[in-house]
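One structure below.
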Amino acid sequence: DQQVKQNSPSLSVQEGRISILNCDYTNSMFDYFLWYKKYPAEGPTFLISISSIKDKNEDGRFTVFLNKSAKHLSLHIVPSQPGDSAVYFCAASVEDSGTYKYIFGTGTRLKVLA
Amino acid sequence: DTGVSQDPRHKITKRGQNVTFRCDPISEHNRLYWYRQTLGQGPEFLTYFQNEAQLEKSRLLSDRFSAERPKGSFSTLEIQRTEQGDSAMYLCASSLLTSGAPGTQYFGPGTRLTVL
C-alpha cells in the first residue's frame with residue numbers, strides 16, 4: 001500500500017523554466033511534508049518542508065504547495081538550473097502515540113537541460 | 001559536526017556472511033533512523049531510536065537484522081547470514097525531536113551493500 005505516490009518517474013525541463021514536481025498521498029492524518037533531493041551515490045538532502053496547517057512555504061527558488069482537500073503537494077523550482085538535475089523524493093510524516101514516522105514516495109528524476 | 005556520517009560507504013560480501021554498518025548522527029540529535037533503499041524506490045523505514053531506546057521496528061526487519069544505539073550516540077546495524085535480497089543502499093538519518101514537531105531528518109551518504 002503506497003501511501004505517498006509520485007506518479008511521474010521522470011521530468012525534463014529547459015534551464016530557466018519552472019519545474020513542477022507532484023506528490024499525492026492517501027492518509028489524511030499526515031501532518032508534515034518534506035521534499036528531498038538525491039544525487040547518485042549520496043544520501044537524500046533536505047530541501048523544504050511544510051506543515052499541514054499551511055498551504056505554501058517558500059525558500060529561495062523552491063516553493064512547496066499543499067492542497068489538503070486534494071491530498072496533493074507540489075514542489076516548484078524557479079528558475080530551474082542544470083545543478084537541480086537529481087531525483088526528488090517527497091515524504092510525509094504522521095504522529096502516532098508520540099512516534100513520528102516518515103513515508104517516502106518513489107521519487108521523480110528531474111533533468112534540467114542547458 | 002558537519003552532518004551524518006556512515007561507514008563503510010560500500011560493502012561487498014558473500015551470501016551467508018555477517019555485516020555491520022555504523023552511523024554517526026548529528027551530535028545534538030536525539031532521534032536516529034535506519035532506512036533501506038532499492039533501485040527505483042524511495043527510502044523504506046527499518047527502525048528508529050530515541051536516544052538509546054529502539055522505539056519501533058518495521059516488518060521489513062527480519063530476525064537477521066539487529067540495530068543498537070548504545071549511549072544514545074552512534075548506531076550500528078548488523079545483518080546476519082546475508083542474502084542476495086539484502087543488497088541495497090542502507091541509509092541513516094537523524095533528527096531533533098522537539099515538542100509537537102517531528103523535526104527534519106538529515107541523511108547520511110549511505111552504505112551500499114552488495115551480496116554476491
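The values are calculated or read from the model by the stated rules, or taken from the named source; none is laboratory data. Because the structure is predicted, anything quoted here is derived from the model rather than measured. Cβ placement follows ideal geometry from the backbone for every residue including glycine, while neighbour counts extend to all protein chains displayed.
Here are some notes:
- Consider the range A:89-114 and keep the residues that are more than 12 Å from A:GLN3 (Cα to Cα), within 8 Å of chain B (Cβ to nearest Cβ) and over 12 Å from the mean Cα position of the chain (by Cα). The one that is modelled with the lowest pLDDT is A:THR99.
- B:THR38 fulfils the conditions (1) closer than 26 Å to B:LYS14 by Cβ; (2) surrounded by 19 or more Cβ atoms within 10 Å (Cβ to Cβ) except for a single criterion, (2).
- When residues in the range B:70-93 are screened for being closer than 26 Å to A:LYS38 by Cα and either of a type in the set (Gly, Ala, Ser) or away from chain A (no Cβ under 14 Å) (or both), 13 of them pass.
- Residues of the range A:61-84 that are touching a strand residue (DSSP E or B) at 6+ places or on another chain (Cβ under 6 Å) and assigned to a strand (DSSP E or B): A:PHE62, A:THR63, A:VAL64, A:PHE65, A:LEU66, A:HIS72, A:LEU73, A:SER74, A:LEU75, A:HIS76, A:ILE77.
- Sole residue being surrounded by 13 or more Cβ atoms within 10 Å (Cβ to Cβ) and under 24 Å from A:THR45 (Cβ atoms), chosen from B:PHE107, B:PHE65: B:PHE107
- The range B:31-46, subset part of a loop (DSSP other than H, G, I, E, B) and facing chain A (nearest Cβ under 7 Å), residue nearest to B:SER94 (Cα to Cα): B:PRO43
- Scope the range A:1-25; condition under 15 Å from the mean Cα position of the chain (by Cα) and away from every other protein chain (no Cβ under 14 Å); matching residues: A:LEU11, A:ILE18, A:SER19, A:ILE20, A:ASN22
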